[in-house]
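The values are calculated or read from the model by the stated rules, or taken from the named source; none is laboratory data. Worth saying up front: this structure is predicted, and the values here are computed from it rather than measured. With ideal geometry, Cβ positions are generated from the backbone for all residues, glycine too; neighbour counts draw on all protein chains shown.
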Amino acid sequence: MWRALWTVSALELRARLRDGTAIVIALIVPVTLATLFGLALGGDDPPLKATVGFVDLDGGEFPASVRREVMAAKELKGSVTLRDLPSREQAGRELESGAIGSAIVFPAGFSASVGAGKGGDVAVLKTPESPLAGVVASAIVDRISAVVDARTLAVRAVLRAGVPGDQVKELVERNGAAGPAIGLADDPLAGGKIDLSVYYGSGMAALFAFFVVGASFRGLLTERKLGTLDRIRAAPVAAWVPVAGKAAVGFALAVAGALLNWGASVLIFGSTWGDPAAVTVVLVAHVLAAAAITMLVTSRVRTDAQADGVIMVVSFVAAFFGGSLVPVYNLPGPLQTVALLTPNGWTSKALTELAGSGAGLAAVALPVGVLCAIALTAGGLAVLGFRKGLLL
C-alpha cells in the first residue's frame, strides 16, 4: 500500500515539475510578487500606529513628568499617540472597542506612596490585537518601575538614617533620586517594528498555498475525466491512495514555497519574521488548513474548471479579508473581526505577533490550534465528500 502511495506521489511530482506549474505557482510567482510589494511599500518604519491610553488617577507630579517624557521621546514620534482617559473602566472600554491598543494606569496616591518610600504599582492594560502598543506601554512601565524602585530604596535608607520626615524629600532629590527621569534611551519599539515586506512575504505565501495544493487536487478531477482514475482504482490499491498521494505532493510544494518566501524576505529586505521554529510551525499549520479547504472544494465540484473557479474565489476572499493582500490593521473594525474567520487571518495574526514582539511558539499556540482545527474540520468534510462522490 505504501509503495502504491509512493508511486502516485512520484508520478504527481514528476508531472508538476514537467509542466512547470510547481515551479511557477509555488516558487517564482509568490516570491516575485512579495518582492515587488516589499520594494514598493516596505520600509523600516513601524506600519502600526499605536494609541496608548493614559489614566492619571494620582494627579501628582510623577505621572505628569512621565507623560512629558513620553511625549518628548524621539523614538516614539510619529508612531505613538497618548490619549488621556478619566478612569480605568473607560480605558477598558476603549481597549475592547479597539480605540486604543494599550493603557497605562496610575493609581490614586501613587506619588505620595513613592515619596514615602512605600513604592507603587502602575498597571498596564493591553490586548494581543495591538502588539506594538503593548510593547510601548510595557517599556514605559518598566522604566517607571526602575525609577520607583530606586526612589523607594533611597527614601527608606534616609529614614533609617534618622533624617526627619520633613527633610527626606529634599535630601533624596539632592542626591539624585528625585525621578522620574525615565529617559527612553533604548528604543522601546526595537522588536516591535514590522516591515511591510514581512506582511507581503507571508501574505503571498498564504495566498499561493491555496493554488499550489489546489492544483494537485484539481488533477484528481482531470484524471477522472480522462479515465486515469478509474484505472488506478481498478488496481489492488485503497481508494484513498490517489487522494493522499496528490495531497502529499501539494502539501510539500506549498510548504517549500512558503519557506522560500520567508527566506527571500530575509535575504532581500533583511527583515525578520521572528522565532524560526514558531514561524515554521505557523506556516505548516496554514498549509494544512489551505490543503484541507481546497480538498473540500474538490470533493464538492464536478469538473476541473469548476474547481479552478471556486478555489480562486475562496483563495482571494480569504487573502483579502485575512490580511494577505491588505494588512489587517488597515481594514475597518468589523472586517478585522471577519479576518478571524479565515485561515489567512489567523496566520497573519500569528506572524505579526512573532515579528512584532519577538515571542516564541507559546505566543502563537492559539492561532496554530485554530488553523489545525480548520484543517481537521474541512478535511473531515472533504473525506465524506470524496466517499460519496469522486471515489465511488
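Numerical summary
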quantity	calculated
Condition check for P332: modelled with pLDDT under 85 and not β-branched (V, I, T)	yes
Extreme residue, modelled with the lowest pLDDT, among residues of the range 95-115 that are buried (at least 16 other Cβ atoms within 10 Å of the Cβ) and within 28 Å of the chain's Cα centre (by Cα)	G101
Pairs with Cβ under 7 Å, 6+ apart, first in the range 80-103 and closer than 21 Å to A139 by Cβ, second of a type outside the set (S, T, N, Q) and loosely packed, with under 14 Cβ neighbours inside 10 Å	L82/M71
Residue in the range 267-304 that is surrounded by the fewest Cβ atoms within 10 Å (Cβ to Cβ), counting only those that are over 23 Å from F386 (Cβ atoms) and in contact with a Gly (Cβ under 8 Å, 6 or more places away or on another chain)	A277
Filter pass, A285 being at pLDDT below 85, in the same structural domain as F217 (by TED's automatic domain parsing), more than 15 Å from S130 (Cα to Cα) and part of a helix (DSSP H, G or I)	no
Residue count, the range 294-342 (criterion: among the polar types (S, T, N, Q), under 22 Å from V198 (Cβ atoms) and touching a residue at least 24 places away in the same chain (Cβ under 8 Å))	4
Residues of the range 182-213 satisfying the condition of being assigned to a helix (DSSP H, G or I), farther than 19 Å from G360 by Cα and modelled with pLDDT under 80	L196, S197, Y200
Flag if S324 is in a helix (DSSP H, G or I) and either small (G, A, S) or not assigned by TED's automatic domain parsing to the domain that holds M204 (or both)	no
Members of the range 278-314 found to be of a type in the set (S, T, N, Q) and closer than 30 Å to G101 by Cα, listed by number	T280
Qualifying residue in the range 346-359 (condition: modelled with pLDDT of 90 or more, surrounded by 18 or more Cβ atoms within 10 Å (Cβ to Cβ) and either of a type outside the set (A, V, I, L, M, F, W, C) or assigned by TED's automatic domain parsing to the domain that holds G250 (or both))	yes
Residue in the range 22-43 that is more than 28 Å from T352 (Cβ to Cβ), crowded, with 19+ Cβ neighbours inside 10 Å and either of a type outside the set (S, T, Y) or at pLDDT 70 or above (or both) present	yes
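Residues are listed down the side, and each one gets a yes or a no for (1) modelled with pLDDT of 75 or more; (2) of a type in the set (D, E); (3) over 24 Å from L354 (Cα atoms); (4) not in a helix (DSSP H, G or I):
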| site | (1), (2), (3), (4) |
| --- | --- |
| L82 | yes, no, yes, yes |
| R93 | yes, no, yes, no |
| E129 | no, yes, no, yes |
| S138 | yes, no, no, no |
| A154 | no, no, yes, no |
